[in-house]
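This report concerns only the one structure given below.
The values are calculated or read from the model by the stated rules, or taken from the named source; none is laboratory data. Please read all numbers here as calculations on a predicted model, not as lab measurements. All Cβ positions, glycine included, derive from the backbone under ideal geometry; neighbour counts span all protein chains shown. The area values use the complete protein model at the heavy-atom level, side chains included, leaving out ligands, DNA and RNA. Shrake-Rupley method; radii C 1.70, N 1.55, O 1.52, S 1.80 Å.
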Amino acid sequence: YTLKGFGVEIWEPRFTYHGFRYAAISGLPNQQQPDVVSVVVGSALPSVGSFSCDNQVINQIQQLIVWGQRSNLMSVPTDCDQRDERKGWMGDSALSVSEAMFNFGGQSFFANWLEDIRDAQLNPLDSHTAGSVPDTVPHTFGSYPADPAWGTAYPTVALHMLLHYNDTDVVGDHYPNLQAWIGFLQSQYNTTGFAKFYSNYGDWVPPPVTWGSGGFGPMPPSSLISSYSFLNDLRSMEKIANMLGKQSDAAAYHQLLEDLRGPFNQAFYVAPQSGKPATYGNPNGDGLQSSVACALDLGVVDDQTIPATLLSDLALNRGGNWSSTGLHLATGIVGTKCMFPALSGLGYTATGVTILQDTTYPSFGFMATNPLEPATTVWELWDSPYEGPGMNSRNHIMFGSVGSWFYEVLAGITPLEAGFSTVRIHPRGLVAGLGAVDATVATPHGTVSVSGSVKTQKSVRRAASSSQVLTVQVEVPVNVRAVVALPKPSGAASGTSPIVYEGQGSERSLVFKAGKFVPGVAGIVSGIHVDKAGEFGAVEFEVGSGLYHFEISSA
């Protein structure tokens, strides 16, 4: 924009918007300081969630995600807020919707987005196979039919509309169209099987070994990523059908998923050979992390050596600019989304925390803290500062999928039933290397919150030893039932039952000891000792609405 040079002038675009970090203003007389205000624009979604912990790198990552997500909620969930794209890419929405709903109130926004997807599916002027959906909605770019890892946005968004808002009216209305998408995928599978299942993009943008090489790192078979997405959609549809009261449909989706476990393994499981361990995907190990993470996330892995294969690869030094120490992701956008739930499912949440705390290349921490260009939003490429100006967005939300893991695993807030009517609170971050976690989520019933910390105290019985004490404050809103799982303090011996108190000061009451629930505190219905190893060991309480202060220590 060129100023006319006199009077008061105000310039503000009306028909476009710009994503930027810096603005250059030149030509002002006498080095005059301009009066400039940057206006944040976007759909009016309120902030409904917060997450923090005692690790500042992870807190920075959370801020990258929140700011990146906020600037990519513009009428439709966009992939980026700059360049000539700014489109409703389905893949980005599928990856980030859970995180988005934890951080922002998106019921109306995503209801509208579902309507846009259905409009595209039913558009008679846009030639496509019946039941399929496009890569972008509205369809202005990309393929039609969508890559399965992009089209998965339709059932994924619908599922989270139920989990977060219990919006049965909207999702029920879309149910026949969701079934049509599944029917389309099933017809593709019936034609090709899994090994040749169609794909457009695969596990997009894994990190290259060398900065600025202009390419991606090794990728898993694209058909594996597409097959994973199809099976994950079946899993989503089973949950959707159950929450809509369609139990016979749920049973059918469950059975189909079970029936396809074998074919998936036949197509992608790689048995040990020539001294190489068992894996999934490519026999040469390309894309191993994503292949294994997807299989673990689906729950189809039968070979008990597979987790060790994954952990070994996370520690692999690949040369080039790859850090020679620590644990690092070699995953694209789908593998990254699967990785953290897969690790937690194995009881390796601490491994996920270690990955997130790292600040060497490639890592989220590198994005946030590198000296060349510390990020303020999530990048599109793991090595963005070293790549050219082409496909290299500094604000791309697709890698922000890890944000939901912050809430659901580190802080442990997970909806068990539609609309958070039943919630599980299990702050596993407290036994995974974090000293404190805090999170709040506004639900249809009110605020769910958890605030936990770890402290070390000297043993009364043995002067030379010490033990951990976990303090966890939980808030449960009215008309919500919660399962509160208090992690067993690190170092607690297997088979030993912790001691739990509730309350503060003179109101402090014993609620669990010697493996037995001690009734008497209002709101706490029952308690059991879950005697499992590692982070799965816990004392679980069923509670009603209220504010609770728990303290758990070794017996």
Item to check | Failed criterion for TYR228 (all others in (1) modelled with pLDDT of 95 or more; (2) more than 24 Å from GLN188 (Cα to Cα); (3) out of contact with any Ser or Thr (no Cβ under 7 Å at 6 or more places or on another chain) hold) | outcome: (2)
Next on the checklist: Tell me yes or no: at least one residue of segment 44-52 is exposed (fewer than 12 other Cβ atoms within 10 Å of the Cβ), under 13 Å from ALA100 (Cα atoms) and either in contact (Cβ under 8 Å) with a residue 24 or more places away in the chain or of a type outside the set (A, V, I, L, M) (or both).
Outcome noted: yes
Checklist outcome for this item: The number of residues in segment 286-328 that are open to solvent by less than 50 Å² (accessible area, probe 1.4 Å), more than 25 Å from the chain's Cα centre (by Cα) and under 24 Å from SER222 (Cβ atoms) is 1
Checklist entry - Checking ASP286 against (1) in a helix (DSSP H, G or I); (2) acidic (Asp, Glu); (3) modelled with pLDDT under 95, which test does it fail? => result (1)
Checklist entry - Listed residues SER554, SER526; which is polar (S, T, N, Q) and surrounded by 16 or more Cβ atoms within 10 Å (Cβ to Cβ)? => result SER554
Item to check | Flag if GLN266 is assigned to a helix (DSSP H, G or I) and polar (S, T, N, Q) | outcome: yes
Checklist outcome for this item: Those residues of segment 417-433 that are within 21 Å of SER453 (Cβ to Cβ) and either open to solvent by 10 Å² or more (accessible area, probe 1.4 Å) or among the aromatic types (Phe, Trp, Tyr) (or both) come to a total of 5
Checklist outcome for this item: For segment 338-355, pairs from a residue that is over 18 Å from SER98 (Cα atoms) to a residue that is part of a helix (DSSP H, G or I) and of a type in the set (D, E, K, R), with Cβ under 6 Å and 6 or more apart or across chains, are GLY347/GLU535; THR349/ARG428; THR349/GLU535
Next on the checklist: What's the total number of residues in segment 379-389 that are part of a helix (DSSP H, G or I) and open to solvent by less than 10 Å² (accessible area, probe 1.4 Å)?
Outcome noted: 1
Checklist entry - From the list ALA180, ALA149, ALA130, which one is under 15 Å from ASN232 (Cβ atoms), in contact (Cβ under 8 Å) with a residue 40 or more places away in the chain and of a type in the set (A, V, I, L, M)? => result ALA149
Item to check | Of all residues in segment 257-285 being crowded, with 16+ Cβ neighbours inside 10 Å and of a type in the set (A, V, I, L, M), the one that is nearest to PHE197 (Cα to Cα) | outcome: ALA267
Checklist entry - Counting only residues that are touching a residue at least 40 places away in the same chain (Cβ under 8 Å) and part of a loop (DSSP other than H, G, I, E, B), which one in segment 216-253 is nearest to ALA418 (Cα to Cα)? => result LEU244
Checklist outcome for this item: If you go through GLN82, GLN69, GLN32, GLN63, the only one that is open to solvent by 80 Å² or more (accessible area, probe 1.4 Å), under 30 Å from SER363 (Cα atoms) and of a type outside the set (A, V, I, L, M) is GLN63
Checklist entry - Restricting attention to segment 176-195, does a residue exist that is at pLDDT 95 or above, closer than 15 Å to SER291 by Cβ, out of contact with any Asp or Glu (no Cβ under 7 Å at 6 or more places or on another chain) and open to solvent by 60 Å² or more (accessible area, probe 1.4 Å)? => result yes
Checklist entry - Got a sec? Which of ALA436, ALA411 is modelled with pLDDT of 95 or more, open to solvent by 20 Å² or more (accessible area, probe 1.4 Å) and among the aliphatic types (A, V, I, L, M)? => result ALA436
Item to check | Given (1) in a loop (DSSP other than H, G, I, E, B); (2) closer than 21 Å to SER466 by Cβ; (3) over 29 Å from the mean Cα position of the chain (by Cα), number of the condition VAL500 does not satisfy | outcome: (1)
Item to check | Cβ-Cβ under 6 Å pairs, at least 6 apart or on other chains, segment 202-215 side in contact (Cβ under 8 Å) with a residue 12 or more places away in the chain and under 20 Å from ALA146 (Cα atoms), far side open to solvent by 10 Å² or more (accessible area, probe 1.4 Å) and among the small types (Gly, Ala, Ser) | outcome: GLY202/SER222
Item to check | Count - residues of segment 478-498 that are modelled with pLDDT of 95 or more, surrounded by 15 or more Cβ atoms within 10 Å (Cβ to Cβ) and either of a type in the set (Asp, Glu) or more than 23 Å from CYS53 (Cα to Cα) (or both) | outcome: 2
Checklist entry - Can you name the condition, by its number, that ALA308 falls short on among (1) in a helix (DSSP H, G or I); (2) under 25 Å from GLN266 (Cα atoms); (3) touching a helix residue (DSSP H, G or I) at 6+ places or on another chain (Cβ under 9 Å)? => result (3)
Checklist entry - Tell me, which residue of segment 110-130 that is surrounded by 21 or more Cβ atoms within 10 Å (Cβ to Cβ) and touching a helix residue (DSSP H, G or I) at 6+ places or on another chain (Cβ under 9 Å) is nearest to LEU185 (Cα to Cα)? => result GLN121
Checklist entry - Among the residues of segment 85-98, is any surrounded by fewer than 16 Cβ atoms within 10 Å (Cβ to Cβ), in a helix (DSSP H, G or I) and either touching an Asp or Glu at 6+ places or on another chain (Cβ under 6 Å) or of a type outside the set (A, V, I, L, M) (or both)? => result no
